[in-house]
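*Asks:* The following block contains the structure, expressed as structure tokens.
The values are calculated or read from the model by the stated rules, or taken from the named source; none is laboratory data. A quick note: this is a predicted structure, and the numbers were derived from the prediction, not measured. Positions of Cβ are backbone-derived with ideal geometry, glycine not excepted, and every protein chain shown enters the neighbour counts. Accessible surface is based on the protein model in full, side chains and every heavy atom, while ligands, DNA and RNA are left aside. Shrake-Rupley method; radii C 1.70, N 1.55, O 1.52, S 1.80 Å.
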Protein chains: 2
Amino acid sequence: MDRFYSGPGISIVDQESLSGQFLLQGDEAHHLVRVLRAKPGLRIELFNGQGFVAEGEVVAVKKNEAVIQLLRVWFEEKDRPALTVAVCFPKGDRLTTMIEKLCELGVSRVVPLISERSVVDPGEGKLQRLEKLAMSACKQSKRAWLMEMESPVEIGAYLEKDENCVLLDPRAKKRFLDVAVESRRVQKDLTCLIGPEGGWSTGELEMFEQKQVVGCVLGKSVLRIETAAMAVASVWASA
Amino acid sequence: MDRFYSGPGISIVDQESLSGQFLLQGDEAHHLVRVLRAKPGLRIELFNGQGFVAEGEVVAVKKNEAVIQLLRVWFEEKDRPALTVAVCFPKGDRLTTMIEKLCELGVSRVVPLISERSVVDPGEGKLQRLEKLAMSACKQSKRAWLMEMESPVEIGAYLEKDENCVLLDPRAKKRFLDVAVESRRVQKDLTCLIGPEGGWSTGELEMFEQKQVVGCVLGKSVLRIETAAMAVASVWASA
């Protein structure tokens, strides 16, 4: 059954609306009505990206709107503990692949890190496009929660406000797998920092040491940013 | 240091050639001479895709050739145990992303599976393009061994000749992580079968049961083919 995004604070969360109808508008309605040419009687799913999912039936289609009779609404808890991937964004297609795959793999939050050698500082427009992409990936993989996408932040400032960070570091001895298994066991959220392709600067490395950010390793290969991010997410999902 | 592919049975494996020179030709020479505009004195690495790697210095450049003075040759053992990913290929960009990432993550061998519902049966030309892509990914991630790429094979025929298979199955209870950890512990090669997006047919599922192919699961998400393949490779690399 195809799934459609209802928008954020939407009325499928109201118990009253259980017996009611929902008016799907905007891009999602366009996709349903124009692209899929939905007819009354079609069963679809709606989700609000914050845990609420509904099964519904199309009862009327207008030019760019569809009326959905809600049949069943349920709530899915957010996955706990949650993984945040804080990463210096790669360029172009590699960035879109990364965002799509991280969402599919159930990553809770993505933070674009600014470091001395990072090459991409995504602007507002690009972030909005990436959010849309993440929303599509959510639908594809039937996630009930949208992947959060933060505003770009300097690595130093980020470390000030998140104390659960580990660092991906090819020279480290500790395995990320063990860190992930332990975090899941004690139900503690985890953030994995992934640096730019040019590596961290000396100042940044000193900062990690000073703040006692634990370094850990994924395997023997040299990985590109987006591959490292996906691998971290895969190991977390499996742990 | 940039790495170049010397071709398969190349003379860098001869001890005699240690004091000798190597003539780089073809696409790789074109890249070195024309694209990177190498001058004599530049240090590069050569690898033959079968474990031999050499450090060398460019001593002469011609139109589409370069003479490399070999300075140091070493052999890297193949990673054991080895992971084979036998997968119904996805289409287009998703296929190229998959091949590139599997190579980066150190997968030993990729087998294109033909199943009743698979959509892509890669021809000779496409396989050659994918091999070239895998070779580039090898250089990027400094792998000394090329990722092997088999000819397409029917799932039934494949099961006849490979007895170390497990099956990715979202309904399974067993975790792929545990299978990977155990295989690595006992040093046994493993093949992971990944089905088409439309799922296996009833006949295929019966065959798996009859052959006692163990099903295992990656996480809670519904994953696309290429994401599942990369996740399997990531977990294996980390285990």
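*Asks:* Taking chain A as the reference, fit the longest principal axis to its C-alpha atoms, fit the long axis of helix A:92-104 to the helix C-alpha atoms, and give the angle between the two in degrees, 0 to 90, nearest 10.
*Replies:* The angle comes out at about 70 degrees.
*Asks:* For segment A:47-53, take each phi angle, set θ = phi - 60°, evaluate the Karplus expression 6.51 cos²θ - 1.76 cosθ + 1.60, and give the result in whole Hz per residue in order, putting x for glycine and proline.
*Replies:* Using θ = phi - 60°, the values come out as 9, 9, x, 10, x, 8, 10 Hz.
*Asks:* Relative to the other copies, what are the label-point distances for residue B:185, with labels 7 Å from Cα along the C-beta vector, expressed in nm at one decimal and sorted shortest first?
*Replies:* 1.4
*Asks:* Can you tell me which of A:205-213, A:27-35 comes out highest on packing, and rank the rest after it, using the mean Cβ neighbours within 10 Å?
*Replies:* A:27-35, A:205-213
*Asks:* Relative to the compact globular guide of 2.2 N^0.38 Å, what is the alpha carbon radius of gyration of chain B, as a ratio?
*Replies:* Against the compact-globule rule of thumb, the ratio is 1.15.
*Asks:* Further, regarding this structure: Just to confirm the number: angle between the C-alpha axis of helix B:124-140 and the first principal axis of chain B, 0 to 90 degrees, nearest 10?
*Replies:* Relative to chain B, helix B:124-140 is tipped by roughly 70 degrees.
*Asks:* Something else now. With springs connecting C-alpha atoms under 10 Å apart, model chain B as a Gaussian network and identify which of B:74, B:200, B:145 has the largest mean-square fluctuation.
*Replies:* Looking only at B:74, B:200, B:145, the biggest GNM fluctuation is shown by B:74.
*Asks:* What's the angle, to the nearest 10 degrees (0 to 90), between helix B:176-185's Cα axis and the longest principal axis of chain B?
*Replies:* Relative to chain B, helix B:176-185 is tipped by roughly 60 degrees.
*Asks:* Taking every DSSP beta bridge with both residues inside chain B, roughly what % is antiparallel (nearest 5)?
*Replies:* 45
*Asks:* So what is the orientation-averaged projected area of the protein assembly as shown, using the convex hull of its C-alpha atoms, in nm²?
*Replies:* 26.2
*Asks:* Give the chain A residue with the shortest beta-carbon distance to the rotation axis relating chain A to chain B, plus that distance as a whole number of Å.
*Replies:* Spelled out, residue of A and its Cβ distance from the axis onto B: A:234, 2.
*Asks:* Can you bin segment B:1-110 into rounded, prolate or oblate? Criterion: square roots of the alpha carbon gyration tensor eigenvalues sorted a ≥ b ≥ c, rounded for a/c under 1.5, prolate for a/b above b/c, oblate for the rest.
*Replies:* It is oblate, given that a/c is not under 1.5 and a/b is not larger than b/c.
*Asks:* Could you give, in nm with one decimal, how far residue A:26 is from each other copy of that position, shortest first, with labels 7 Å out from Cα toward Cβ?
*Replies:* 5.3
*Asks:* Can I ask one more? Using the structure shown, select from A:39/A:63; B:78/B:142; A:139/B:220; A:220/B:188; A:101/B:139 the pairs with a Cα to Cα distance greater than 20 angstrom.
*Replies:* A:101/B:139
*Asks:* A follow-up question, please. Given axes a ≥ b ≥ c from the Cα gyration tensor, I'd like to know whether segment B:78-120 is rounded (a/c under 1.5), prolate (a/b larger than b/c) or oblate.
*Replies:* Because a/c hits 1.5 or more and a/b fails to exceed b/c, segment B:78-120 counts as oblate.
*Asks:* Between chains B and A, what is the buried accessible area in Å², counting both sides, with a 1.4 Å probe and ligands, DNA and RNA left out, to the nearest 100?
*Replies:* Between B and A, the summed buried area is about 2300 Å².
*Asks:* Can you list which of the GluC sites (Glu not before Pro) found in segment B:131-174 are DSSP loop residues with at most 11 other C-beta atoms within 10 Å?
*Replies:* Here the GluC sites (Glu not before Pro) that fit, given the DSSP loop and packing criteria, are B:163.
*Asks:* Now for a different question. Would you calculate a helix-derived [θ] at 222 nm for chain B, using -39,500 (n - 2.57) for each DSSP H run of n ≥ 4 and dividing by the full residue count, to the nearest 500?
*Replies:* Only helices count here, giving -9500 deg cm²/dmol.
*Asks:* In percent, how large is the relative contact order of segment B:53-172, given Cα pairs closer than 8 Å and 6 or more residues apart?
*Replies:* 22
*Asks:* Do any trypsin sites (Lys or Arg not before Pro) in segment B:147-195 lie in a loop, going by DSSP, with at most 10 other beta-carbon atoms within 10 Å of their beta carbon, and if so which? Let's see the in-between values first.
*Replies:* Values: sites: B:161, B:171, B:173, B:174, B:175, B:184, B:185, B:188; in loops: B:171, B:173, B:174, B:188.
Those satisfying the criteria are B:171, B:173.
*Asks:* For segment B:72-105, which trypsin sites (Lys or Arg not before Pro) pass both filters: DSSP loop (anything but H, G, I, E, B) and at most 16 other C-beta atoms within 10 Å?
*Replies:* Those satisfying the criteria are B:78, B:91.
*Asks:* A follow-up question, please. For residue B:126, what charge total do you get from the other residues with a beta carbon under 12 Å from its beta carbon, if Lys and Arg give +1 and Asp and Glu give -1?
*Replies:* In short, 0.
*Asks:* What are the ³J(HN,Hα) couplings of segment A:148-162, residue after residue, when phi is run through the Karplus curve with 6.51, -1.76, 1.60 and θ = phi - 60°? Round to Hz, x for glycine and proline.
*Replies:* 6, 10, 7, 6, x, 9, 5, 4, x, 5, 5, 4, 5, 10, 10
*Asks:* In a GNM of chain A with a 10 Å cut-off on Cα contacts, which of A:137, A:54, A:38 has the highest mean-square fluctuation?
*Replies:* A:38
*Asks:* Something else now. Along Cα→Cβ at 7 Å, what distances in nm separate the residue B:132 label point from those on the other copies, shortest first?
*Replies:* Distances to the matching label points in the other copies: 3.4 nm.
*Asks:* Could you tell me what fraction of 2.2 N^0.38 Å the Cα radius of gyration of segment A:108-239 comes to, as a two-decimal ratio?
*Replies:* For segment A:108-239, the normalised Cα radius of gyration is 1.07.
*Asks:* Contact order normalised by length for chain A, with contacts defined as Cα pairs under 8 Å and 6 or more residues apart; what percent is it?
*Replies:* Numbers: 463 pairs, mean separation 48.7, N = 239.
Normalised by residue count, the contact order of chain A is 20 percent.
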